[in-house]
Amino acid sequence: METANASPRKGKLVVRLIFIVILIIAAIFGIRKWLYARNHETTDNAQVEGHAAPVIARVAGYVKSLHVQDYGNVKQLDTLLTIDDEEYRIALQQAEADYQQAVADLESAKAGQTNAGANIKVAEANAQVALVRKDKALADLHRDQNLFNDQAITNRQLDDTKANSLTNDKQYQAAQDNITLARSTVQVAAAKVSQAEALVASRKAQVEQMKLKLGYTTITANISGRIGKKNIESGQFVQAGQSLFTIVDEGGFYIVANFKETQLSNIHMGQEAEISVDGYDDIHLKGKVTAISRATGAKSSLLPPDNATGNFVKIVQRVPVKISIDNVDQYLDKLRAGLSVEVALKY
């Protein structure tokens with residue numbers, strides 16, 4: 001009987017001991033969590049981000065050759081693809097021909113301006129000759145008038161002298177008008193030179209523009225990194241401004257953690273961070289807070305909420321916090337932009 005009663009008591013004692021052990025373990029675990037939570041702000045609303053550079057076509061055309069594959073590595077200034085440039089080469093040749101024609105027109109305008117300046121000198125010289133003839137004819141008229149008064153010459157001879165004086169007077173007036181005309185011609189020639197110079201500048205700008213467009217037919221990588229899925233193939237027509245694919249800078253990974261607004265009082269710049277990556281149990285990263293957003297995530301969305309309209313429902317907002325990763329180069333083979341992580345900030 002004693003042996004039979006001892007077995008149930010022993011069994012109950014073991015159960016109690018197991019229950020006590022579980023309580024102790026749970027208490028230790030709970031206390032550790034409580035102590036950890038007292039000086040840490042944590043969130044699982046976080047992910048790995050990377051600097052991404054979109055590759056965009058700057059001119060339209062057919063893809064002539066493609067030098068990348070999906071998710072391939074590229075280095076800065078590597079040729080990614082080329083666009084058929086035949087049309088742009090012909091356009092450049094036409095622009096250069098137009099430029100040369102404009103230069104020739106400018107030289108012709110300058111020659112016309114020089115000729116107009118020379119015409120002024122000729123007109124002034126002719127006016128001086130006409131003035132001399134006018135003065136001589138006037139002196140002859142005075143002399144013949146005196147001779148006529150003395151009845152030394154006939155009336156016909158005096159009339160001839162008067163006619164000659166009048167003719168030379170008109171010729172002198174015409175020479176003065178020619179000077180005025182030549183001066184106005186110089187102004188017109190100067191305006192043509194200015195117009196030709198403006199046209200030369202415009203044609204030269206067109207040549208430079210065509211050179212740029214021709215250069216844009218070869219698309220190179222602006223950063224080193226790994227591309228995503230490409231959206232084009234050889235022979236495909238692309239439009240100017242079309243996004244072709246994206247290059248992710250593998251050396252620029254960082255963390256964006258979205259903390260609740262009630263946690264912000266314990267977050268500050270330079271704060272140390274502990275980071276665990278959901279996809280890798282063996283990776284535990286260290287980092288520091290480098291930036292805190294000036295706006296909540298909802299405020300930066302495509303359709304931000306407006307509490308002034310409709311029924312207001314208060315929702316705890318989240319604020320993005322940027323965290324740099326210490327020794328990020330050691331984890332480049334595992335980190336990927338978009339991976340989920342958990343972040344704990346110690347305060």
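The values are calculated or read from the model by the stated rules, or taken from the named source; none is laboratory data. On a predicted model such as this, the values are computed, not experimentally measured, just so you know. Cβ atoms come from the backbone with ideal geometry, glycine included; neighbour counts cover every protein chain shown.
Just one residue in the set 98, 70, 105, 44 is in a strand (DSSP E or B) and among the acidic types (Asp, Glu); that residue is 44.
Within the stretch 76-88, the set of residues being under 23 Å from the mean Cα position of the chain (by Cα) and not in a strand (DSSP E or B) comprises 76, 77, 78, 85, 88. Scanning the stretch 125-144 for any residue that is surrounded by 17 or more Cβ atoms within 10 Å (Cβ to Cβ), assigned by TED's automatic domain parsing to the domain that holds residue 183 and within 29 Å of residue 191 (Cβ to Cβ) turns up at least one such residue. Just need a number here: residues in the stretch 206-236 that are under 30 Å from residue 99 (Cβ atoms) and either crowded, with 16+ Cβ neighbours inside 10 Å or in contact with a strand residue (DSSP E or B) (Cβ under 9 Å, 6 or more places away or on another chain) (or both). Residues flagged as under 30 Å from residue 99 (Cβ atoms) and either crowded, with 16+ Cβ neighbours inside 10 Å or in contact with a strand residue (DSSP E or B) (Cβ under 9 Å, 6 or more places away or on another chain) (or both) within the stretch 206-236 amount to 10. Per this entry, residue 111 is not counted among residues that are modelled with pLDDT of 85 or more, assigned to a helix (DSSP H, G or I) and over 30 Å from residue 178 (Cβ atoms). The set of residues in the stretch 180-192 being surrounded by fewer than 17 Cβ atoms within 10 Å (Cβ to Cβ) and touching a residue at least 40 places away in the same chain (Cβ under 8 Å) consists of 181, 183, 188, 190.
Let's see how each residue does on (1) under 24 Å from the mean Cα position of the chain (by Cα); (2) among the basic types (Lys, Arg); (3) surrounded by 15 or more Cβ atoms within 10 Å (Cβ to Cβ):
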position: 39; (1), (2), (3): no, no, no
position: 42; (1), (2), (3): no, no, yes
position: 61; (1), (2), (3): yes, no, yes
position: 90; (1), (2), (3): no, no, no
position: 94; (1), (2), (3): no, no, no
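When 127, 196, 139 are screened for being in a helix (DSSP H, G or I) and closer than 30 Å to residue 106 by Cα, only 196 passes. Got at least one residue in the stretch 214-225 being touching a residue at least 60 places away in the same chain (Cβ under 8 Å), part of a helix (DSSP H, G or I) and in contact with a helix residue (DSSP H, G or I) (Cβ under 6 Å, 6 or more places away or on another chain)? Yes, some residue in the stretch 214-225 is touching a residue at least 60 places away in the same chain (Cβ under 8 Å), part of a helix (DSSP H, G or I) and in contact with a helix residue (DSSP H, G or I) (Cβ under 6 Å, 6 or more places away or on another chain). Within the stretch 265-305, restricting attention to residues that are surrounded by 15 or more Cβ atoms within 10 Å (Cβ to Cβ) and among the aliphatic types (A, V, I, L, M), the residue that is farthest from residue 45 (Cα to Cα) is 283.
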